[in-house]
1. Using the structure shown, decide if A:Phe154 is more than 8 Å from chain B (Cβ to nearest Cβ) and surrounded by 18 or more Cβ atoms within 10 Å (Cβ to Cβ).
2. Can you tell me which residue is nearest to A:Leu264 (Cα to Cα) among those in segment A:131-151 that are over 17 Å from the mean Cα position of the chain (by Cα) and surrounded by fewer than 18 Cβ atoms within 10 Å (Cβ to Cβ)?
3. Looking only at segment B:42-51, decide whether some residue is in contact with a Phe, Trp or Tyr (Cβ under 9 Å, 6 or more places away or on another chain), within 14 Å of chain A (Cβ to nearest Cβ) and closer than 29 Å to B:Val163 by Cα.
4. What residue, among those in segment A:157-205 that are among the β-branched types (Val, Ile, Thr) and either crowded, with 18+ Cβ neighbours inside 10 Å or under 23 Å from the mean Cα position of the chain (by Cα) (or both), is farthest from A:Ala72 (Cα to Cα)?
5. Could we say that A:Trp153 is aromatic (Phe, Trp, Tyr), in contact with a helix residue (DSSP H, G or I) (Cβ under 6 Å, 6 or more places away or on another chain) and not in a helix (DSSP H, G or I) here?
6. Give me the pairs: first residue in segment B:80-98 and at the interface with chain A (Cβ under 8 Å from one of its Cβ atoms), second residue assigned to a helix (DSSP H, G or I) and basic (Lys, Arg), beta-carbon distance under 9 Å, and six or more apart or on different chains, which are they?
7. Quick check on B:Phe107: is it under 18 Å from A:Gln257 (Cα atoms), surrounded by fewer than 23 Cβ atoms within 10 Å (Cβ to Cβ) and either within 8 Å of chain A (Cβ to nearest Cβ) or in contact with a Ser or Thr (Cβ under 7 Å, 6 or more places away or on another chain) (or both)?
8. Please go through segment A:89-112 and give me each residue that is surrounded by fewer than 21 Cβ atoms within 10 Å (Cβ to Cβ), at the interface with another protein chain (Cβ under 8 Å from one of its Cβ atoms) and touching a residue at least 12 places away in the same chain (Cβ under 8 Å), ordered by number.
Amino acid sequence: MNRTLGLGVLWIGAFLCTAPFLLLLATSLMTYEQSVGYPPAFWPSPATLDNFRKALSEGALWRWFANSVLVAVVTVAGQILTGAMAGYAFARMTFKGRDLLFFVVLMTMMVPVQVNLVPLFALVARLGWVDTYQALIVPDLAGAFGIFLFRQWFLGLPRELEDAARIDGCSPWRFFWTVALPTATPAVATLGIFQFLASWNTFMWPLVATNSDHLRTLPVGLAAFRASMRETTDWPLLMAATTVAIVPAILVFLILQKQFMKGLMDGAVKG
Amino acid sequence: MRPTLHPLRSERWWGLLLVVPALVIIGTFGVLPTLASFLIGFTDWDLLGTPRWVGLDNYRSLAADPVFPKVIANTLLFVVLYLLLDLVLALALALALNQKLRGLGFFRTAYFLPVVTSMVAVSIVWEWIFDPRAGALNEVLRWVGLGPVHWLSDPSTALPSLVVMSVWKSLGTNVVLFLAGLQALPGEVLESAEVDGATGWQRFWHVTLPLLGPTVLLVGILASIRAFQTFDSVYIMTHGGPRRSTTVVVYWLFQNAFTYFKLGKASALAYMLFGILAALTWVQWALRKRWVHQEQDA
């Protein structure tokens with residue numbers, strides 16, 4: 001492609017991808033009066049932080065934020081732990097039914113979440129977990145993607161390491177914790193950012209599994225907040241709350257961008 | 001030959017022990033629900049009572065439901081529009097990125113901001129953009145003397161509006177996948193075409209695009225799987241309306257389950273969706289296998 005034309009395309013693309021975020025920020029700094037004025041304003045004048053103050057002074061947003069952090073942190077830790085253990089065993093150990101079990105795990109990647117929605121809800125209801133943190137956390141403590149990722153990683157571990165450890169009388173359990181797992185930091189980072197973003201952004205399951213306000217995660221809380229202003233929308237206030245909700249995901253992405261891109265390629269192409 | 005040690009007898013126990021935590025979770029909250037969903041599809045169940053076996057009644061009542069053809073049409077229209085727009089734009093951006101370029105990281109990051117943002121947040125922002133009175137889109141139209149358009153409350157524009165937003169949201173992923181595909185193309189072929197005097201457009205159309213075929217197919221299948229699962233944006237922005245014009249399959253499934261409490265019907269619908277997506281996934285895996293083999297043979 002012609003270089004100048006190419007650069008033009010790239011800049012237009014970058015503008016279109018970021019413009020809604022700029023609008024979000026600009027609106028969050030406006031007064032309500034400015035947002036309903038005509039013709040519509042794109043630039044906050046005067047700029048004010050009142051919307052952020054107001055959004056954060058209502059305890060609900062903090063609570064949703066804390067819930068999202070809790071669910072994300074626990075499921076990330078759980079997925080890394082269960083995924084590394086299972087991935088290691090599937091890659092480096094021989095046991096009965098190994099290949100069949102791994103096949104079943106792979107198959108679950110093919111099932112869209114919506115297929116499991118009704119029975120999962122029924123199961124969680126039977127366990128008495130509706131409207132609890134367990135409902136948001138426990139089903140997500142392990143996943144096929146993590147197992148797959150760690151298996152790929154441990155398949156590349158040199159056999160000699162294990163042989164040497166065996167001769168030294170190191171148990172498989174200790175070998176896993178002290179030798180194998182510390183080599184796997186790239187896989188930990190990739191799974192970590194994927195699961196964090198998935199957990200932070202997921203909507204359908206927490207929507208179904210919770211109904212009290214104090215158990216809502218950010219996406220569910222934000223959706224309820226938006227619905228509560230159906231008649232007249234205070235866009236600046238809504239945009240301030242939305243900004244608060246998306247900043248952590250964007251920060252985590254900016255910090256772990258390299259691992260994220262790598263995971264994307266692994267998941268989509270190599271499989 | 002390298003000497004191999006006989007696996008320790010204890011290894012099979014260690015192996016099982018290591019996989020048990022993951023398998024218990026995945027089995028209980030993954031495999032079990034998938035199997036149960038299939039069975040619930042053959043029952044009449046409102047969640048509170050006991051499920052009653054009704055055979056194929058749910059599938060029959062789906063076929064007889066006047067909303068069903070509308071839902072199928074909406075979903076297919078969504079997927080097709082999404083694919084067309086998404087593939088063309090992502091490929092254009094990937095081609096533009098595929099050159100020696102300073103600031104590649106900047107562009108990639110910009111395209112990825114929507115990808116990592118939650119669909120709920122994105123939907124709320126775009127509701128503001130689509131706002132008929134004060135929204136940015138109608139304001140831009142007004143500058144050129146057009147509009148106003150009632151983007152989300154007019155049945156003829158609501159679904160395309162959702163498509164535009166969805167394409168915006170996921171474009172970055174496909175740009176990166178296309179870029180990887182472009183960078184894996186054999187450089188010699190492109191160079192020899194250039195030496196033979198083919199113009200840029202000819203090279204793209206006759207050399208690059210055919211070579212990129214497998215990537216286009218892979219990206220297209222991944223994108224359509226995603227499009228079939230659209231839910232969050234519909235829930236936030238249109239509630240399936242106006243006049244059912246944005247009721248896509250997953251939104252209808254959700255309504256059947258948690259608004260009308262027809263869990264059997266919802267599960268039957270879920271398995272129809274599953275069938276379509278499983279077929280797409282299977283094609284994707286089969287292609288990828290062939291593709292990888294070709295790479296290894298080459």
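1. On the way: more than 8 Å from chain B (Cβ to nearest Cβ): yes; surrounded by 18 or more Cβ atoms within 10 Å (Cβ to Cβ): yes.
Taking the combined requirement at face value, the residue satisfies it.
2. Taking segment A:131-151 first, the residues over 17 Å from the mean Cα position of the chain (by Cα) are A:131-132, A:134, A:148, A:150-151.
Those left that are additionally surrounded by fewer than 18 Cβ atoms within 10 Å (Cβ to Cβ): A:131-132, A:134.
Details: A:Asp131: 33, A:Thr132: 32, A:Gln134: 29 Å.
My answer is A:Gln134.
3. Keep residues of segment B:42-51 that are in contact with a Phe, Trp or Tyr (Cβ under 9 Å, 6 or more places away or on another chain), which gives B:42-48, B:51.
This time we only want the ones that are within 14 Å of chain A (Cβ to nearest Cβ), so: B:42-48, B:51.
From the residues that got through so far, the ones that are closer than 29 Å to B:Val163 by Cα too are none.
Scanning segment B:42-51 turns up no residue that is in contact with a Phe, Trp or Tyr (Cβ under 9 Å, 6 or more places away or on another chain), within 14 Å of chain A (Cβ to nearest Cβ) and closer than 29 Å to B:Val163 by Cα.
4. We begin by selecting, within segment A:157-205, every residue among the β-branched types (Val, Ile, Thr); these are A:167, A:178-179, A:183, A:185, A:188, A:190, A:193, A:202.
Checking which are either crowded, with 18+ Cβ neighbours inside 10 Å or under 23 Å from the mean Cα position of the chain (by Cα) (or both) leaves us with A:185, A:188, A:190, A:193, A:202.
Working: A:Thr185: 19, A:Val188: 15, A:Thr190: 15, A:Ile193: 10, A:Thr202: 10 Å.
Here the answer is A:Thr185.
5. Values: aromatic (Phe, Trp, Tyr): yes; in contact with a helix residue (DSSP H, G or I) (Cβ under 6 Å, 6 or more places away or on another chain): yes; not in a helix (DSSP H, G or I): no.
No; evaluated as a whole, the condition is false for this residue.
6. B:Leu97/B:Arg108
7. Values: under 18 Å from A:Gln257 (Cα atoms): yes; surrounded by fewer than 23 Cβ atoms within 10 Å (Cβ to Cβ): yes; either within 8 Å of chain A (Cβ to nearest Cβ) or in contact with a Ser or Thr (Cβ under 7 Å, 6 or more places away or on another chain) (or both): yes.
It is true that B:Phe107 is under 18 Å from A:Gln257 (Cα atoms), surrounded by fewer than 23 Cβ atoms within 10 Å (Cβ to Cβ) and either within 8 Å of chain A (Cβ to nearest Cβ) or in contact with a Ser or Thr (Cβ under 7 Å, 6 or more places away or on another chain) (or both).
8. A:Thr108, the sole residue that qualifies.
The values are calculated or read from the model by the stated rules, or taken from the named source; none is laboratory data. Just so you know, these numbers come straight off a predicted model, no measurement behind them. Every residue, glycine among them, receives a Cβ derived from its backbone with ideal geometry; neighbour counts consider all protein chains shown.
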